[in-house]
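> Take a look at the following structure, please.
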């Protein structure tokens, strides 16, 4: 069979289909649908290929974010529905009602993919913004989510209005009558949006901030701020999602100020056994004078006390009438000198060693200072080293920590005194 005969047979078949307008219209629509898909594929290839070539230029690097978020993919998906919209008018013998319905359906698909393209564009802009310096202090993710929500609501209304061939204003007027229900349904969204605006505008919260909110079990770093929730990664690597509005209605602690200051506070007490507090003897005074950290303090204090006692005259001969140095006061001066000379203690911030109100657990000496670093592991190491040393040096001043008696203390001391040593043969001293 030659080509001429094939062409004649095709013409006869096409003329025969003309006697059946419905089949003729269906085949023409299927042909239009095939052409639309082919054109759509070709448009997608050309658009993506051209954008990839442009994205290789350093000045057009932002196009890579558009590609990653499939902005141009969504735009290319609009092409088939646009081809169908304009191609329907070329199909002969098609029922006007069917043609109008298919045209509305194609227009609805066009609006749908345009809405998805705008949503992808917002995601791409958010990624571009996330790489700027402002993203560290101002998060716009909540605003983007709100814009996408408004986009989806309006897009959905327009699509429904297109399919039912009614004006979108008619649907919007119906939604106005349901405003009370809408406010009730989107109550959390509205509260979260207002809270997100306040948190961002007042710079109360940033991604990376360490916050504490015990009422929701949050104690860690903020990893994400969205319209509805703030995600906090605790130090045990668990994730806590906090509704945004709760951060405005309830209190939370933000440690950003500590991290920005460059120093982290040490505030811990040594509970000194009150029974060991006393005046130091002349021999102890002479020995303590040789300690390098106390040299200046001892000479200054000795001169001060000598002048004061001489001013009292003969009454200073009585012990209760003259001033003397105490072991706890000398230790306090030593601890302060030790902290001020410590290389890891911030010299430009408060550094004191103060005696607090005496309690049943002894005399508290509080160490109050700031480290040079805010890193948690370094902070704990520095704090541990300081208190290790101060605990070990206490006996040099005739002092000891208060410690509640344990079971071993009772067995070794109280019970033998009450029952007699014969009841505790292991505690008896060996005899020769």
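The values are calculated or read from the model by the stated rules, or taken from the named source; none is laboratory data. Keep in mind that this is a model prediction, so the values were computed, not measured. With ideal geometry, Cβ positions are generated from the backbone for all residues, glycine too; neighbour counts draw on all protein chains shown.
> Which residues, counting only those in segment 67-105, are under 12 Å from residue 29 (Cβ atoms) and assigned to a loop (DSSP other than H, G, I, E, B)?
Residues satisfying the conditions are 91, 92, 93, 94, 95.
> Further, regarding this structure: Could we say that residue 126 is under 34 Å from the mean Cα position of the chain (by Cα), under 30 Å from residue 28 (Cβ atoms) and either part of a helix (DSSP H, G or I) or outside the structural domain of residue 69 (by TED's automatic domain parsing) (or both) here?
Against the criterion (under 34 Å from the mean Cα position of the chain (by Cα), under 30 Å from residue 28 (Cβ atoms) and either part of a helix (DSSP H, G or I) or outside the structural domain of residue 69 (by TED's automatic domain parsing) (or both)), residue 126 does not qualify.
> Could you pull out every one of the strands (runs of 3 or more DSSP E) wholly within segment 166-277 that has 2 or more residues that are over 12 Å from the mean Cα position of the chain (by Cα)? Lay out the reasoning, then the answer.
Numbers: elements: 210-213, 218-225, 229-234, 239-243, 265-272.
The strands (runs of 3 or more DSSP E) meeting that bar are 265-272.
> Based on what the data block shows, is residue 28 over 25 Å from residue 152 (Cβ atoms), at pLDDT 85 or above and in the same structural domain as residue 147 (by TED's automatic domain parsing)?
Spelling it out, it is not the case that residue 28 is over 25 Å from residue 152 (Cβ atoms), at pLDDT 85 or above and in the same structural domain as residue 147 (by TED's automatic domain parsing).
> Take residue 207 and tell me if it is crowded, with 16+ Cβ neighbours inside 10 Å, within 21 Å of residue 148 (Cβ to Cβ), in contact with a helix residue (DSSP H, G or I) (Cβ under 9 Å, 6 or more places away or on another chain) and free of Cβ contacts under 8 Å to residues at least 40 places away in the same chain.
Details: crowded, with 16+ Cβ neighbours inside 10 Å: yes; within 21 Å of residue 148 (Cβ to Cβ): yes; in contact with a helix residue (DSSP H, G or I) (Cβ under 9 Å, 6 or more places away or on another chain): yes; free of Cβ contacts under 8 Å to residues at least 40 places away in the same chain: no.
Criteria not met by residue 207.
> Inside segment 258-278, can you point out the residues that are within 19 Å of residue 394 (Cα to Cα) and without any contact (Cβ under 8 Å) to a residue 24 or more places away in the chain? Step through it out loud before you land on a result.
Residues of segment 258-278 that are within 19 Å of residue 394 (Cα to Cα), as a first pass: 267-278.
Passing the criteria: only 275.
> Could you check how many residues of segment 279-297 are touching a helix residue (DSSP H, G or I) at 6+ places or on another chain (Cβ under 6 Å) and touching a residue at least 24 places away in the same chain (Cβ under 8 Å)?
Count: 5.
> Within segment 44-61, is even one residue exposed (fewer than 14 other Cβ atoms within 10 Å of the Cβ), under 33 Å from the mean Cα position of the chain (by Cα) and not in a helix (DSSP H, G or I)?
Within segment 44-61, one or more residues are exposed (fewer than 14 other Cβ atoms within 10 Å of the Cβ), under 33 Å from the mean Cα position of the chain (by Cα) and not in a helix (DSSP H, G or I).
> Continuing with this model, one more query. May I ask you to say which residue of 388, 378 is under 48 Å from the mean Cα position of the chain (by Cα) and within 17 Å of residue 270 (Cα to Cα)?
Answer to the selection: 388.
> So, in segment 348-372, how many residues would count as being farther than 16 Å from residue 267 by Cα and in contact with a helix residue (DSSP H, G or I) (Cβ under 8 Å, 6 or more places away or on another chain)?
2
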